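The values are calculated or read from the model by the stated rules, or taken from the named source; none is laboratory data. The shown structure was predicted, so the numbers you read here are calculated from the model rather than taken from an experiment. Reconstructed Cβ throughout: ideal geometry from the backbone, glycine too, with neighbour counts over all protein chains shown. Quick note on the areas: whole protein, heavy atoms, side chains included, nothing else; ligands and nucleic acids left out. Shrake-Rupley method; radii C 1.70, N 1.55, O 1.52, S 1.80 Å.
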Amino acid sequence: MEIDLSRPILARNEALADKNRARLATSGVFALDVLASPGAGKTTTILATIGLLREKLRIAVIEGDIASKVDAEKVKAHGIPAVQINTGGACHLEADMISRALDALPLDDLDLVIVENVGNLVCPTEFDLGQGARIVILSVPEGDDKPLKYPGIFAQADAVLLNKVDAASFFDFDETAFVDSVRRLNGAAPIFRMSAKTGEGVGEWAAWLEARVAESHVAH
Ligand code: MG
Ligand code: ZN
């Protein structure tokens, strides 16, 4: 007989995630969970997205990292409220961490909270945070085979962002193979080609996000 120790932890997390979801809905806030490997460009993508949406939406950011507050400082430097969560070693965010971060934000004065999860393509997938949507960012230098190696996150994502397309000529990235792999796992998620650095494609992605936020307001 095998005992699955992860089950009670995940069940407890699920209950707390549902509480977060209810609380966010009450305040009319849409939460976006951003997953990617370290170095894929999560913070840069978040800042580029905020640059396009900040006149239309009231935005805050929750930064998850094992250590440091570098990313929260970067976001705050743009005049956007940010809360840093240091997991102290844990390689993913959990719903109770988000609950405490939400305590520090003026939820009734916000439309969108962007959560930058810890850089990791594996276990953040297992932990619901109470988000309205979850996206995965893959950058060109990481290679087109990542959906084959980390199918869980690509199957679950509501949108897939292919970042650093401006660097495509320096890498052997087979974009057709990448899109085919994603499509085998996930028929529904839009795939956005973009470069957070040059701004290419960020508008299409930001428009999708803006529409999701608007839909969530209609739904409540
Ligand atoms: Mg970051
Ligand atoms: Zn983890």
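Side notes on the structure shown:
- Only a single criterion out of (1) part of a helix (DSSP H, G or I); (2) over 24 Å from G130 (Cβ atoms) is not satisfied by E200, namely (1).
- When segment 87-105 is filtered for residues that are more than 14 Å from ligand 2 (Cβ to nearest atom) and either without any contact (Cβ under 8 Å) to a residue 60 or more places away in the chain or basic (K, R) (or both), the ones remaining, listed by number, are R100, A101, D103, A104, L105.
- Residue in segment 90-111 that is in contact with a helix residue (DSSP H, G or I) (Cβ under 9 Å, 6 or more places away or on another chain) and assigned to a strand (DSSP E or B) present: no
- Entry remark, segment 19-60: residues being farther than 21 Å from A211 by Cβ, crowded, with 17+ Cβ neighbours inside 10 Å and among the small types (G, A, S) number 4 in total.
- Here is the figure for segment 117-148: residues that are more than 16 Å from ligand 2 (Cβ to nearest atom) and either in a helix (DSSP H, G or I) or under 10 Å from the mean Cα position of the chain (by Cα) (or both) total 10.
- Scan segment 114-131 for residues that are surrounded by 20 or more Cβ atoms within 10 Å (Cβ to Cβ) and either more than 16 Å from ligand 1 (Cβ to nearest atom) or free of Cβ contacts under 8 Å to residues at least 40 places away in the same chain (or both) and the total you get is 6.
- Total residues in segment 149-171 satisfying the condition of being open to solvent by 30 Å² or more (accessible area, probe 1.4 Å), under 17 Å from S37 (Cβ atoms) and outside any helix (DSSP H, G or I): the figure is 3.
- Residues of segment 38-61 that are assigned to a loop (DSSP other than H, G, I, E, B), away from ligand 1 (no atom under 11 Å from the Cβ) and in contact (Cβ under 8 Å) with a residue 12 or more places away in the chain: R54, K56, L57, R58.
- Flag for R12 being out of contact with any Ser or Thr (no Cβ under 6 Å at 6 or more places or on another chain), under 19 Å from D109 (Cβ atoms) and of a type in the set (D, E, K, R): no
- Close Cβ contacts (under 7 Å, 6 or more residues apart or on different chains) running from residues in segment 63-80 that are farther than 18 Å from H92 by Cβ and of a type in the set (D, E, K, R) to residues that are within 9 Å of ligand 1 (Cβ to nearest atom) and part of a helix (DSSP H, G or I) comprise K74/T43.
- Residue pairs whose Cβ atoms lie under 6 Å apart, sitting 6 or more positions apart in sequence or on different chains, and linking a residue in segment 23-36 that is within 21 Å of A207 (Cα to Cα) to a partner that is charged (D, E, K, R), are D33/R134; V34/K42; V34/E116; A36/K42.
- Test: residue in segment 65-79 that is away from ligand 1 (no atom under 12 Å from the Cβ) and open to solvent by less than 30 Å² (accessible area, probe 1.4 Å): no
- Taking the criterion of being among the aliphatic types (A, V, I, L, M) and either surrounded by fewer than 23 Cβ atoms within 10 Å (Cβ to Cβ) or out of contact with any helix residue (DSSP H, G or I) (no Cβ under 8 Å at 6 or more places or on another chain) (or both), the residues of segment 132-148 that qualify are A133, I135, L148.
- Within the set D108, D65, the sole residue that is farther than 22 Å from A211 by Cβ, away from ligand 2 (no atom under 16 Å from the Cβ) and charged (D, E, K, R) turns out to be D108.
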